[in-house]
1. Within region 248-264, can you find the residues that are assigned to a loop (DSSP other than H, G, I, E, B) and polar (S, T, N, Q)?
2. Inspect region 307-330 for any residue being in contact with a Cys (Cβ under 9 Å, 6 or more places away or on another chain), of a type outside the set (Gly, Ala, Ser) and crowded, with 17+ Cβ neighbours inside 10 Å and give the result as yes or no.
3. In region 81-94, what count of residues is obtained for those that are part of a helix (DSSP H, G or I) and within 21 Å of the chain's Cα centre (by Cα)?
4. I'd like to know if region 306-320 contains one or more residues that are touching an Asp or Glu at 6+ places or on another chain (Cβ under 6 Å) and modelled with pLDDT under 95.
5. Going by the conditions given, is Tyr221 outside the structural domain of Asn257 (by TED's automatic domain parsing), modelled with pLDDT of 80 or more and either of a type outside the set (A, V, I, L, M) or within 30 Å of Trp299 (Cβ to Cβ) (or both)?
6. Filter region 365-384 down to the residues that are over 20 Å from Gly181 (Cα atoms) and among the polar types (S, T, N, Q), then identify the one that is modelled with the lowest pLDDT.
7. List pairs: first in region 340-364 and closer than 18 Å to Gly181 by Cα, second aliphatic (A, V, I, L, M) and modelled with pLDDT under 80, Cβ under 7 Å, 6+ apart or cross-chain?
8. Assess whether Leu205 counts as being touching a helix residue (DSSP H, G or I) at 6+ places or on another chain (Cβ under 8 Å) and under 30 Å from Ile343 (Cα atoms).
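The values are calculated or read from the model by the stated rules, or taken from the named source; none is laboratory data. None of the values given here were measured: they were computed from a predicted structure. Glycine gets a Cβ as well: all are built from the backbone with ideal geometry, and neighbour counts include every protein chain shown.
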Amino acid sequence: MKKIISLFIIACVAFTGCDRFLLDDIAKVPIKRQDILLTKAQAEMIPSTTSFSFDFLRELSASEKSNVNLFMSPFSLQTALSMAAAGAVGQTQEEIYTTISYDNYSVNDVNNLYKTLIPRLKNVDNTTQIGIANSLWSKETAKILPSFKSMMNDYYDASTHTIDENFSTEVNRWVKKETKGMINSFQMPDKAEAAILNALYFKGLWTDQFEKRDNIVDTFYNYDGSKPKISFMTQKELSYPAYGGESFMSLSIPYGNGAYRITIMLPDEGKTVDDVIAELDADIWGKCYTAAKVSANIWIPKFETEYTISSIAMLGILKKMGINQAFTNYADFSQMAELSLKITDVLQKSIIKIDENGTEAATVTGVAFGPTSAGPPVGLLEFKVDHPFVYFISEISTGTILFAGVQKTF
């Protein structure tokens, strides 16, 4: 009978700007933005990644209390689950791929997509720092398969590390280093004997900088009907892509040379963020991305949101979306290790801060493995974000969504 261990997979995502900017960052001359070039097959996979982002956000929103602000990284979660799926076979793998919208693709297809995206996401904007680091950690007793180590290195550029009884301490040191201190620690299961980590770091400025002197204190209309006074950043007559859906108006605001941007979806009068989330799909996202630019006066709140998806909540959502066998004694991760494994925990913790300089955010996703037992408007757009809204941070040429949030209250 196979020996049994615990394996822990973490995807750490840090997206940062604001007060951490240095003078040499600001002084850089932006290179011209260029599209990330994908093969035809890879380009056809991108809508699948988008679909997962929206499907998960819908399930998360439906499972949470109505007045709670949400913030998470679908990219982080999807990366962690993709790496786990690469070590699975049969029904275990099929359920994971179906849930993360890769059911029509092979392991090689998925791995090759990340092999392409990881280095190219780093280099599309020289004024935006983005670092992506992956690593595979294991004790000598873990017996991770050499073929799995090679796969993680070849496709995810993952370094390998031997760990001892200081497993949690060493991993947290790596997390802190790769996220530039944005994430200092993440609670590891006590019995974990191996780990896969994915770290994503982003640092950038608004393309069109906001000025503190232009800030205005005004009313925000919270989801629960309360009306606090908050600080809005404002700018006038800027040209940004805008799209009007059935229930919302969206505006996309760029960072750096325009390779990355935040898309804010503001519900129409009489509509709610729930209506917006229900409407979202890959086709709508594509229309937001190809929307014509309009001249807009904008009011955006300064805010900071922290949100954690507990393992209980996450497992409930993933089970509802279709992952089941991976959480049972019938799980098959035999392409990962000689040891019998099942997923015991999945959780994510995220934080975002938006101010005059830019956006700062971080996400940590953990997947723990334990033993098995035997349309644009006309004229000047007034885009005042003074009631609950949905927002996404993404790369423009592929539409890859790094972060997603729903801001309901201040």
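1. The answer is Asn257, and nothing else.
2. Within region 307-330 (the criterion being in contact with a Cys (Cβ under 9 Å, 6 or more places away or on another chain), of a type outside the set (Gly, Ala, Ser) and crowded, with 17+ Cβ neighbours inside 10 Å), the answer is no, since none of the residues qualifies.
3. 5
4. Scanning region 306-320 turns up at least one residue that is touching an Asp or Glu at 6+ places or on another chain (Cβ under 6 Å) and modelled with pLDDT under 95.
5. no
6. Ser373
7. Gln348/Val364; Lys349/Val364; Ala362/Val13; Ala362/Ala14; Thr363/Val13; Val364/Ile10
8. Judged against the criteria, Leu205 is not a match.
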